[in-house]
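Below is one structure, written out as structure tokens, with a few remarks after it.
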Amino acid sequence: MNYSFTFNSVDMNTYGLIVVASDIHGLERENESQLIQDLSWPFRPKSPPKMITLQVAVMATSRAVLKGYLDGIKGFIATDVPYNLVLDGLNDRYWLAKVNSFNGGYRGVSTWIGTIGFQADDPCAYDVSETDSPHLIDADHQTVIETPGGTAMISPVYTLTAGEELAAVTIKVQNINTDEELQWTGTLTIGQVLEINTDAWTIKKEGVADISTFTGQFPRLQPGANQIKVTAFSTTGTLDIKYRNRFL
């Protein structure tokens, strides 16, 4: 099997491209500290953009066909915005990436050998499949268990649908494991939806931004078991948690 990659849903194997080698599993972190009297005080590590280098070969039946392949590849990967990058050998996940470089040279009449450099400003990969996990909220202090995979923290979308009239309540959503809790005060009628997007840092009631009464932190998910506690959301509502597993 010839391994290639897909970028923005375009399979580069169509253009005779084979991935010979990659550094896709590399990991970089920036650690900083502040020197004080007798020691250095560490800060939380930062994650720089992920630089992805693919060593590739492009093969054709003639020089004319090869030139067409190279033009086609460059035309598809030279984008102004990031798109999904999926490697055939790791096709359960994708990176949001933009191309930085495309360099190489001819090896014979109909073969081109070179490297393609991509940059993913979000260094983590995302699962190609989205998880949509519904939960019934049947107690005033309800705790549900959500167990994502992956190896990195996840910013999910929580959707709360009211099952009864809720007047001037303070609804709390807490991840007990990470100790991150969000509070929102307001009124909901039967069937109304409160959407909490922890990635965009938004709260919407019936699709309209409603963040003025928000306090606390947007609760993320960690890989493995998470205890998500919902408070003051009646005993007939529902909670839907939607996310993609993330990978370092």
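In this structure, ALA162 does satisfy being surrounded by 13 or more Cβ atoms within 10 Å (Cβ to Cβ), of a type in the set (A, V, I, L, M, F, W, C) and over 25 Å from the mean Cα position of the chain (by Cα).
Can you name the residue in the stretch 105-139 that is assigned to a loop (DSSP other than H, G, I, E, B) and touching a strand residue (DSSP E or B) at 6+ places or on another chain (Cβ under 7 Å) and, of all such residues, is nearest to PHE247 (Cα to Cα)? I'd like the intermediate steps shown before the answer.
To start, the set of residues in the stretch 105-139 that are assigned to a loop (DSSP other than H, G, I, E, B) comprises 107-110, 121-124, 128-130, 138-139.
So of that shortlist, the ones also touching a strand residue (DSSP E or B) at 6+ places or on another chain (Cβ under 7 Å) come out as 107, 110, 122-124, 128, 130.
Values: ARG107: 36, SER110: 37, ASP122: 11, PRO123: 9, CYS124: 5, VAL128: 11, GLU130: 14 Å.
That would be CYS124.
When GLU206, GLU180, GLU164 are checked against the criterion of being modelled with pLDDT of 95 or more and farther than 25 Å from ASP127 by Cβ, GLU206 stands alone in meeting it. Using the structure shown, decide if ASP71 is without any contact (Cβ under 8 Å) to a residue 40 or more places away in the chain, in a loop (DSSP other than H, G, I, E, B) and not polar (S, T, N, Q). In short, no.
Is at least one residue of the stretch 64-79 surrounded by 13 or more Cβ atoms within 10 Å (Cβ to Cβ), under 18 Å from VAL19 (Cα atoms) and either among the β-branched types (Val, Ile, Thr) or at pLDDT below 95 (or both)? Looking through the stretch 64-79, at least one residue is surrounded by 13 or more Cβ atoms within 10 Å (Cβ to Cβ), under 18 Å from VAL19 (Cα atoms) and either among the β-branched types (Val, Ile, Thr) or at pLDDT below 95 (or both).
So is ASN2 assigned to a helix (DSSP H, G or I) and under 19 Å from ALA60 (Cβ atoms) or not? For ASN2, the condition - assigned to a helix (DSSP H, G or I) and under 19 Å from ALA60 (Cβ atoms) - is not met.
Tell me, please, whether a residue that is buried (at least 16 other Cβ atoms within 10 Å of the Cβ) and part of a strand (DSSP E or B) can be found in the stretch 215-226. Yes.
Name every residue in the stretch 190-214 that is part of a strand (DSSP E or B), over 18 Å from the mean Cα position of the chain (by Cα) and touching a residue at least 12 places away in the same chain (Cβ under 8 Å), in order of residue number.
Looking only at the stretch 190-214, we keep the residues that are part of a strand (DSSP E or B), and these are 193-197, 202-205, 208-209.
Pick out the ones that are also over 18 Å from the mean Cα position of the chain (by Cα) and you get 193-195, 203-205, 208-209.
The answer is VAL193, LEU194, GLU195, ILE203, LYS205.
Number of residues in the stretch 5-22 that are within 17 Å of GLY68 (Cβ to Cβ), in contact with a helix residue (DSSP H, G or I) (Cβ under 8 Å, 6 or more places away or on another chain) and in a strand (DSSP E or B) equals 2.
Residues checked against (1) closer than 24 Å to GLY224 by Cβ; (2) loosely packed, with under 13 Cβ neighbours inside 10 Å; (3) under 15 Å from the mean Cα position of the chain (by Cα); (4) hydrophobic (A, V, I, L, M, F, W, C):
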| position | (1), (2), (3), (4) |
| --- | --- |
| PRO45 | yes, yes, no, no |
| TRP95 | yes, no, yes, yes |
| PHE102 | no, no, no, yes |
| PRO123 | yes, no, yes, no |
| SER133 | yes, no, no, no |
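Of all the listed residues (THR187, THR159, THR235), the sole one being assigned to a loop (DSSP other than H, G, I, E, B) and either on the phi < 0 side of the Ramachandran plot or of a type outside the set (A, V, I, L, M) (or both) is THR235.
The values are calculated or read from the model by the stated rules, or taken from the named source; none is laboratory data. Not measured: the values here are computed from a predicted model. Counting neighbours? That spans all protein chains shown, and the Cβs are built from the backbone with ideal geometry, glycine included.
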